[in-house]
Structures are given as structure tokens and as C-alpha cells.
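Just so you know, all these numbers are worked out from the coordinates, no wet-lab data involved. All figures in this text were calculated on a predicted structure; none of them were measured in a lab. FYI the Cβ positions are ideal-geometry reconstructions off the backbone, even for glycines, and counts take in every protein chain you see.
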Amino acid sequence: MALTFPGSPSNGQVYTDDNNISWQFDGVKWEVSQTASYKTFNGIKIGLDSDFNATATSTAISWGTASIDVGDYYSVSTPTRINVPSTGYYRINFSTKTSASGSSYTIAIKRNGTITLSTTTITINQFINYDEIIELSAGDYIEVYVNDQLSSGALLASSTVMEVTRIGLSSGTAAETFSGARAKITGTYSTSSSAVAIPWQDVDFNVNANAAGDQYWSIANASRLTVSTSSYYRVKIVVLTNSFDTYTLTLKKNGTTDLTTINLGALNTVQLDEIYNLTSADYLELYINDADDTGGLLVGTYLEILREGN
């Protein structure tokens, strides 16, 4: 949709478009209003009132009392469900620890009872964490299913918590609209002794780099995530290496500025989660090299960027 700004605007004049996005004239050009950078919190934090006893049959956890519930995510009439109130992008953060009894546990996070988002198999006295961003629709619901082979184990109430928070609407005002991208590899990526920017092969999401709806990633510049709005950004890196070699990872800005460097070995997983202040047209790349041309990165490796606000 084309925007029609007021003619002959005065310095500081504010214009609100049909999408309720506020713009301000700075004397030269129209920019998204800086005052529209604050999000309204929407989410839930909930746990267990007592340990959840697992059986050999996969069963959805019944949640206890929510310590935070802004948006009506939980209802005692459907105690296993975290209900999604509006279409948007959500961070799902679930953690738990198994008891000292039992045997082999399988824990699955599901959407609408049938779509499996994650499945993990663990043993006794083991802690796990699931932390992901996905797009959900109003009316969706999230459940956690668990079973134990011996029907004698439990998830500990003291270590079990579910957080679902809306980090942005799929569309809407500048303050509430989700803005971010996650670029990933879709197959094993062979590394070399020369430092090369990883050419990303696909994206999980790639939206709203600015109010016009531009994207952060394109196949034409496959190694780059490029920002279109000066702002603070959360940058997350996950890298999985294969069974060969040692590696050096470097996150670079604009091809020349090193933001961070990480050394890791074979069969390693490394995660980085940092906030950076970036300027319009800055781009990020993840460079990698190995010691002797025998290494590689595994599926699950990605570079993610989320706009946090001005």
C-alpha cells in the first residue's frame, strides 16, 4: 500500500498512516516516530503446583497457578493448554528437570495437539531447556507431553516453568510489529582454512526490517543480514560442528568490524546471544575457518536478528 504523506510538512509534524504507524517529519524526510518504539508486554509465566508424575503413556502436563498472565493465556477449564490470544511471533521458553526415579523420558512440545515443535529424550536427574521463536495464530494452543518408560518418574515442580511471550504482531503498529530474521543452513556446510562468510541457504522468518516491510535477508546477498532501521538489535548465533577439526567463528559488521570471535572444537555446539546498536544499512555476517580443511557445520546452525527498539 502506497503512503500519502501531507504536503509541505513542518519540522516535527506527526502523521499516522492507515496501519496506525506514526511518522514524524525531521525537516528533510519522514521517519517512523521514535516514540512508537515501546512494546506492550503480553505473555505468561506458569509452572507446576506439584511434581508431575509421568507414566508410560504420553500425557499433557496440567499446569498450576500462573505467576504472570497478561493476555489470558491460561484457563482452568483447559489446564494443559497455553492459549494464543493473537496472531504474531512468540518466544516459547520451557525448562524442566527429571526426578531421580524412572528411566527414559520423552518430552514433546506440541501445537494444537498434533503438530510437534520439539521432541527430546532424556534420563533421570537431567535438566533441559527449549527456547524458540515461532509464528502462531490466534486460537492456537501449546502443550507439553511427557512419558517415562517405567511409569515411576516425575518432572520436578521446583525446576519446571513455561514462558510464552509475544514479541511482536505479524502486522500492526510500529511498536508492536515483529521485526527480525533467522537465516540458516539446510545441509552440511563444508569449511576451509580460509575465513569465509557463511552463505545462508534459507530462512525461518524474515520480516519487517522497516515500516515498509523490507526483508533482512535475500538470496542475492546470502551471507548477510542487513538492517534498514537504526535501532538496538538482539543477535543470536547457534553453530553445530561435525566430528572433524577445530574452528574459529567471527561475527562481523559490514565485512570489516569484528564484533566477537569464538574458538571451538569438533562435535561442539556454541550459542551467542548479544544486543548491538546498529545503524541503517549495516549488515552482519558470520565468518568461519577451520584448521586443516576437513571441518563442517551441521543443520541447526543459524544467525538470528531481532529488533528490540530505539
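Bridging of K184 to lysines at a Cα separation below 22 Å is possible for K236, K252, K253, once same-chain residues fewer than 8 apart are set aside.
Dipole check for the stretch 43-169: with +1 at the C-beta of Lys and Arg, -1 at the C-beta of Asp and Glu, and the Cα centre as origin, the magnitude is about 80 Debye. The reciprocal of the average 1/r between distinct C-alpha atoms defines the Kirkwood hydrodynamic radius, which for the stretch 66-142 equals 13.9 Å.
Using a cutoff of 8 angstrom between alpha carbon atoms and counting only pairs six or more residues apart, the relative contact order for the stretch 43-169 works out to 42 percent.
Taking 0.36 nm per residue of sequence separation and removing the Cα-Cα distance, the S192/I122 pair yields an extension gain of 21.7 nm. Among K252, K29, the ranking by other beta carbons within 10 Å of each residue's beta carbon, starting with the fewest, stands as K29, K252.
From the Cα gyration tensor of the stretch 218-310, with a ≥ b ≥ c the square roots of its eigenvalues, which class applies: rounded if a/c is under 1.5, or else prolate if a/b is larger than b/c, or else oblate? Prolate shape, in that a/c is at least 1.5 and a/b is the bigger ratio.
Residues of the stretch 54-73 with an amide N closer than 20 Å to a point placed 7 Å from the Cα of S151 along the Cα-to-Cβ direction: 54-62.
Amide H contacts for G296 (H built 1.01 Å from N in the peptide plane; partners 5 or more residues away or on another chain; cut-off under 5 Å): T191, N242, F244. Taking a ≥ b ≥ c as the square roots of the Cα gyration tensor eigenvalues, the stretch 104-180 comes out prolate, since a/c reaches at least 1.5 and a/b is larger than b/c. So what's the gap between the Cα centers of the stretch 114-133 and the stretch 51-70, to the nearest angstrom? Result: 14 Å between the Cα centres.
Placing pseudo-labels 7 Å out from each Cα toward the beta carbon at S77 and R91 gives an inter-label distance of 3.2 nm. Put a plus charge on the Cβ of each Lys and Arg, a minus charge on the Cβ of each Asp and Glu, and nothing anywhere else: the dipole of the chain about its Cα centre is then about 220 debye.
Taking square-rooted eigenvalues a ≥ b ≥ c of the alpha carbon gyration tensor, is the chain rounded, prolate or oblate, where a/c under 1.5 means rounded and, failing that, a/b exceeding b/c means prolate? Taking the square roots of the gyration eigenvalues as a ≥ b ≥ c, the chain is oblate. Each of S158, L297, Q13 was placed along the dipole of the chain (beta-carbon charges, centred on the mean Cα), and the one lying farthest toward the positive end is S158.
With K and R counted +1 and D and E -1, the other residues having a Cβ less than 10 Å from that of A266 yield a net charge of -2.
Rounded to the nearest whole Hz, the Karplus-based 3J(HN,Hα) values (6.51 cos²θ - 1.76 cosθ + 1.60, θ = phi - 60°) of the stretch 152-168 follow the sequence 10, x, 7, 8, 7, 4, 5, 10, 10, 8, 10, 10, 10, 10, 7, 9, x, with x at glycine and proline. Using the Cβ-Cβ distance between A56 and S158 with R0 = 25 Å, the FRET efficiency computed as 1/(1 + (r/R0)^6) comes to roughly 0.55.
Across the stretch 175-265, C-alpha contacts under 8 Å between residues 6 or more apart give a mean separation that, scaled by the residue count, equals a relative contact order of 20 percent.
Using C-alpha pairs under 8 Å with a sequence gap of at least 6, the mean separation divided by the residue count of the chain gives a relative contact order of 17 percent.
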